[in-house]
Amino acid sequence: MTRDLFIRDGRVIDPSQDLDKKAGILVREGKIAWLGEGNPPEAADGTTVIDASGLIVCPGFIDLHCHLREPGEEEKETIATGTLAAARGGFTTVCCMPNTNPPLDNEGMVNYVRAIAARDGIIRVLPIGCVTVGRQGEELVDMTELEMAGVVAYSDDGMPVISPGIMRQALEYSRDFNRPIIDHCENLFLSQGGQVNEGMVSLEMGLRGIPAAAEEFIVRRDLELAKETGGHIHIAHVSTEGSVDLIRQAKEEGVRVTAEVTPHHLTLTEEDVLKYGTLAKVNPPLRTKRDRAALRRALNDAVIDIVATDHAPHTAADKSCEFTRAAFGISGLETALGSLAGIVLKGELSLNNMIAALTIGPARILGYEKLGTLEVGAPADICIFDLHRKWVVDPGKFASKGKNTPLAGMTLTGKVMATVYTGMLVYKDEELKMETGEK
């Protein structure tokens, strides 16, 4: 039998309930048992108490888009290390992309990941299934089989769904199953051989660029197909102002579209590639300052619905090579909050919008509205963070096997102090005050 947990005197922010006030939370048997001011009426003897004075208490974060690499690339990440990294970042739920080896394109592979997650994961892992067999773009998977296996969405992430016909079919299933189709929007003919954003930086570095049009071409196509079918298209890692404009227009027309943006596209630009080299090589690439500004406005205005990390861990060898041979991707679970808090503190993103984009926003996209909330009776998934605490990014201390971040050595403001998953304390900063035995 687990002890009760009482989190006292925190600033409780829960966008799902339009809640922002000083309050306490009592956790019992893995669920939110009470939320209110003062002390709970029925705290048991031996209750563990966390003093959240001066801290923000919110629902645990939900990452709709991350790469845990298992099976097949365990040298980069495992479900065990990835979920530990996620917990340190304040996440209590992660959705793992299916571009593993072998990919998650059948019931057996989905069940394998679910079994490993149940054994090794310290937070909730929700698998995403492929759209096409082997992610090859040629044949639609048995989406009914994957639905029965428990996938929460479908994606060929890392590759776009190239065929309009297959995407149309997938969106028809999406409509029937009420599951999002997540597309990595990239016209491969336009981006072929590209390494960074097409522009001044690509010219300066002598590298082939990836034009904004490569993304926007597929975004436009997907929105048209979603409009025609009534299916739910979710645009992954939006990176350009043009994509934002297309999504805004589609939403105004009633198209069933949602979209995500990553912390790195919100905070970095193509110019950072000049500073950090391959550590800032990511797909879609870091874009211009104008694109970054458009992404921030879109997140504040709910044109972009959520933040997702696109956590992409790699080995040192994957990045310590010439630029054209280096892997795309940034390890982002443990730096997400610090990156986003910096935008909040600059006044360019509201705190409540940031929390909504990490909690109830992704929960609603998934249709899991008992997640991403602190409602009484909901699973006790909780993040406690200090919006003003400064810390230095040291990849050597990451729980993730992926140390590949351009933020190494940078001082971030905003730090996760504790993460509670279904009532269990899965991460605690050593400076957080905790007592046992009080009511």
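The values are calculated or read from the model by the stated rules, or taken from the named source; none is laboratory data. A quick note: this is a predicted structure, and the numbers were derived from the prediction, not measured. Neighbour counts run over all protein chains shown; Cβ positions are idealised from the backbone, glycine included.
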Which one is nearest to the chain's Cα centre (by Cα) among residues in the range 307-338 that are of a type in the set (S, T, N, Q) and surrounded by fewer than 24 Cβ atoms within 10 Å (Cβ to Cβ)? Thr315
Residue count for the range 263-295, restricted to those that are in a helix (DSSP H, G or I), farther than 13 Å from Thr240 by Cβ, of a type outside the set (A, V, I, L, M, F, W, C) and touching a strand residue (DSSP E or B) at 6+ places or on another chain (Cβ under 9 Å): 1
Look at the range 149-193 and say how many of its residues are over 24 Å from the mean Cα position of the chain (by Cα), surrounded by fewer than 18 Cβ atoms within 10 Å (Cβ to Cβ) and small (Gly, Ala, Ser). 3
Check whether at least one residue in the range 177-186 is touching a residue at least 24 places away in the same chain (Cβ under 8 Å), assigned to a helix (DSSP H, G or I) and out of contact with any Phe, Trp or Tyr (no Cβ under 7 Å at 6 or more places or on another chain), and report yes or no. yes
Could you list all residues from the range 296-308 that are part of a loop (DSSP other than H, G, I, E, B) and either out of contact with any His (no Cβ under 7 Å at 6 or more places or on another chain) or without any contact (Cβ under 8 Å) to a residue 60 or more places away in the chain (or both)? Asp301, Ala302, Val303, Ile304, Asp305
What number of residues in the range 197-225 are under 19 Å from Leu268 (Cα atoms), aliphatic (A, V, I, L, M) and surrounded by fewer than 17 Cβ atoms within 10 Å (Cβ to Cβ)? 3
Does Gly134 satisfy being under 26 Å from Ile210 (Cβ atoms) and either touching a Cys at 6+ places or on another chain (Cβ under 9 Å) or surrounded by fewer than 17 Cβ atoms within 10 Å (Cβ to Cβ) (or both)? yes
Enumeration of residues in the range 12-25 that are surrounded by 20 or more Cβ atoms within 10 Å (Cβ to Cβ) and either farther than 15 Å from Gly60 by Cα or among the hydroxyl-bearing types (Ser, Thr, Tyr) (or both): Ser16, Ala23, Gly24
Residue under evaluation Gly38, criteria (1) free of Cβ contacts under 8 Å to residues at least 40 places away in the same chain; (2) closer than 30 Å to Ala236 by Cα, criterion not met: (2)
Under 9 Å between Cβ atoms, at least 6 apart or on separate chains: pull out the pairs that start in the range 118-131 with a residue that is basic (Lys, Arg) and end on any residue that is modelled with pLDDT of 95 or more and not in a strand (DSSP E or B). Arg119/Ile79; Arg119/Ala80; Arg124/Gly60; Arg124/Thr83; Arg124/Ala117; Arg124/Leu371; Arg124/Asp381; Arg124/Thr422
